[in-house]
Amino acid sequence: MKSILKIVLLLAVFCHCVKGQKTPDSVLIKKAKLEIYDNPDNTIKIGEQLLKKSHDIKTSIDLYMLLSTANIAKRNFEESLQYILKAKELLQKTNDPRSQAGVLISVAIQYQQMELFNKCLETLNEAEQYIAKIPEKYSETAASYAIRGMVYKSQSNSEIALEKFLISIQNYEKVPVKKTTYSNMSVVYYNIGYCYLNLNEIDKAQESFLQSVSYARKNYGKSLEAFALKGIAEIHKQKHENQAAIDLLLKAGELCKNTGDIILNEGLYKELAENYLALGQQDLYQQYNKKYLEMRFQRKQNELKSINQVIDNHNRETFLKSEKLKSDDRYIKIGSVFLGGILIILLLYLIIKIRKQNKKFHHEIQQMIRTS
């Protein structure tokens with residue numbers, strides 16, 4: 001329940017994509033973004049079609065990121081990472097700070113999901129260098145603080161996480177085009193709700209989850225609304241209002257039944273199992289607990305593939321850096337030998353020249369002695 005939907009934060013980062021173009025492609029991209037969580041398969045289909053005919057580096061980066069986000073929505077972590085790495089490769093050919101920051105934010109989210117928190121924060125710090133160059137940087141700043149908040153929330157530091165999330169909300173509220181931020185704000189309020197829940201501030205938690213529901217509905221985000229309803233259901237469970245919790249969880253399940261969201265389903269099944277157990281309904285408890293374990297196993301398998309991909313990429317990058325260092329060292333050695341050779345030749349030349357002058361002076365002195 002913690003991590004994967006958070007990728008929706010990237011949606012605002014890439015809202016600049018083909019902005020201002022009134023072409024069929026821009027309409028398709030807009031449609032793909034709107035369906036990214038409730039119909040990720042269609043988003044992937046559109047993204048792949050557009051990518052085949054894209055000749056613009058910036059647009060290609062945006063499309064790779066769109067495909068990465070859609071695969072995250074489907075919990076295809078390995079495919080998502082591959083698209084991110086392709087986008088990162090293209091960054092070397094562009095000087096657009098918004099694209100550079102966006103890709104790094106996406107990489108940071110991948111690290112956050114795999115609980116590589118130091119790498120996540122390092123990548124966000126790198127992204128900050130590009131964010132500083134963006135004129136209107138509210139979306140990027142908001143996304144950066146939201147991810148930082150998620151890192152602290154994952155480390156059970158709810159107080160610091162809240163500080164980061166609230167700064168994120170403040171920046172999202174300054175974004176001129178509000179529609180592009182509704183999904184993002186829904187995600188942040190969802191996380192704020194869990195921070196308050198962890199701090200046992202139930203009323204504030206419920207208020208935050210309701211805010212999350214409100215923003216999800218503004219952008220027709222059924223899966224995001226389902227996540228928020230799950231949060232409210234947890235409040236009912238804490239109050240021992242198990243039937244009310246079950247009703248909300250079943251409603252959430254209906255909202256997201258076509259999304260194939262493994263983590264959301266895992267969380268819903270877990271909560272349903274626990275609530276049915278509290279009511280003494282053993283058959284339903286066994287049914288949903290089995291589904292929960294199946295979803296959990298599938299998620300772990302996907303995460304393992306993603307981690308293997310990260311390790312392979314890290315090894316590849318380390319090899320390339322090593323080869324570059326060897327190459328640089330080779331050039332330095334060649335340069336040192338060349339420069340040393342020149343210095344030796346120059347020194348020999350000076351020695352020979354001085355010796356000739358000394359001989360000349362010696363000869364002239366001898367001549368003077370003889371004539372005197």
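Binning the C-alpha pair distances of segment 18-116 at 10 Å intervals from 0 yields a P(r) profile of 16, 49, 31, 3, 0 %, listed from the shortest bin outward.
Sparse packing (at most 16 other Cβ atoms within 10 Å of the Cβ) combined with a DSSP loop state is found for the following GluC sites (Glu not before Pro) in segment 212-284: GLU241. Based on the convex hull around the alpha carbon atoms, segment 173-232 presents an average projected area of 3.7 nm².
Within segment 88-167, list the trypsin sites (Lys or Arg not before Pro) lying in a DSSP loop whose Cβ has at most 14 other Cβ atoms in a 10 Å radius. Within segment 88-167, the qualifying trypsin sites (Lys or Arg not before Pro) (loop, at most 14 other Cβ atoms within 10 Å) are LYS133. The per residue volume of the convex hull around the alpha-carbon atoms of segment 39-174 is 114 Å³.
Accessible surface for segment 33-184, divided over its residues, is 43 Å² per residue with a 1.4 Å probe. For GluC sites (Glu not before Pro), the sites in segment 116-170 that DSSP calls loop and that have at most 15 other Cβ atoms within 10 Å are GLU136. Between GLN238 and LYS204, the modelled labels are 1.1 nm apart [label points 7 Å from Cα along Cα→Cβ].
The values are calculated or read from the model by the stated rules, or taken from the named source; none is laboratory data. Keep in mind that this is a model prediction, so the values were computed, not measured. Don't worry about glycine lacking a Cβ; one is built from the backbone with ideal geometry, like all the others, and counts go over all protein chains shown. Protein only, heavy atoms only, side chains kept; ligands, DNA and RNA dropped before computing areas. Shrake-Rupley method; radii C 1.70, N 1.55, O 1.52, S 1.80 Å.
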